[in-house]
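The values are calculated or read from the model by the stated rules, or taken from the named source; none is laboratory data. It should be emphasised that the depicted structure is a prediction, and the values quoted were computed from it without experimental measurement. Glycine also receives a Cβ, built like all others from the backbone with ideal geometry; neighbour counts cover every protein chain displayed.
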Amino acid sequence: MPRKPRISVSERASETSMEVLLSDPRYRKRLENVFDEPSAPIDLKDSSKECRWFNAAKGTDHIWRSKRKGWDQVKPEEVRDLQQIGGYNVSPEGYITRGERGQEVLMSMPKQVRQAIQAAKTRANMASMGNPNAMKREVVEAAGNQFGSEAADYLNSRTGPVGSITDTYERVERVEPE
């Protein structure tokens, strides 16, 4: 059975001109990020902070843990334009939530702190990259914590595909939101 061609051909006359595509900022933004973004950024009145949604359904103590890590819940008066959020609710305590039972909570943190945390994560990941023994030790330790010492011993004793860990570097372009 012949394969379908991987190339699609279209008539130039049927193509949309770039003027039309770039005439509306929404179209331009969509073309810049064709796979869309997981969550639209929300502007706060305090521009030194950034926010994101946390889902309490992830774990019974997920919001509590996030607060302990430095995230603070957001109140409606902290948001520059509430229309940018779309559908939301206000919890009895006065914080912005969404979802059926208000399980998604909007939380914020200073941008500089978040960037420092992300940089520290990157450094930690880079330190373990290129060291297969360190990576294997982390995997064995995680397996032991989650599944018990038998699983850890099994993985530690393997030298084949299960016990051999390789890593690679991939360059990913980082694009700052506008």
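Figure legend. Inter-residue proximity from the stretch 131-156: first residues basic (Lys, Arg), second residues surrounded by 13 or more Cβ atoms within 10 Å (Cβ to Cβ), beta-carbon distance below 9 Å, spacing 6+ or different chains. Indicated pairs: Lys136/Leu155; Lys136/Asn156; Lys136/Gly163; Lys136/Ile165; Arg137/Asn156.
Take the conditions (1) under 20 Å from the mean Cα position of the chain (by Cα); (2) among the hydroxyl-bearing types (Ser, Thr, Tyr); (3) under 23 Å from Arg174 (Cα atoms); (4) not in a strand (DSSP E or B); Ser108 misses just one of them, which is (4). Give me the pairs, please: first residue somewhere in the stretch 119-130 and in a helix (DSSP H, G or I), second residue anywhere and of a type outside the set (Lys, Arg) and surrounded by 10 or more Cβ atoms within 10 Å (Cβ to Cβ), beta-carbon distance under 9 Å, and either six or more positions apart or on two chains. Correct list of pairs: Ala127/Ala134; Ser128/Ala134; Ser128/Met135; Ser128/Glu138; Ser128/Asp167.
Within the stretch 100-141, track down each residue that is out of contact with any Phe, Trp or Tyr (no Cβ under 9 Å at 6 or more places or on another chain), of a type in the set (Ser, Thr, Tyr) and either at pLDDT 85 or above or closer than 30 Å to Gln73 by Cβ (or both). Scanning the stretch 100-141 gives a single hit, Thr122. For the stretch 71-95, taking the residues that are part of a helix (DSSP H, G or I) and modelled with pLDDT under 95, the one that is surrounded by the fewest Cβ atoms within 10 Å (Cβ to Cβ) is identified as Gln83.
The requirement of being within 18 Å of the chain's Cα centre (by Cα) and closer than 21 Å to Ser48 by Cα is fulfilled nowhere in the stretch 92-104; no residue meets it. Is there a residue in the stretch 65-88 that is of a type outside the set (A, V, I, L, M), in contact (Cβ under 8 Å) with a residue 60 or more places away in the chain and either in contact with a Lys or Arg (Cβ under 7 Å, 6 or more places away or on another chain) or closer than 18 Å to Pro41 by Cβ (or both)? No: zero hits. The residues of the stretch 100-113 that are touching a residue at least 12 places away in the same chain (Cβ under 8 Å) and more than 16 Å from Asp43 (Cα to Cα), listed by number, are Gly102, Gln103, Glu104, Val113.
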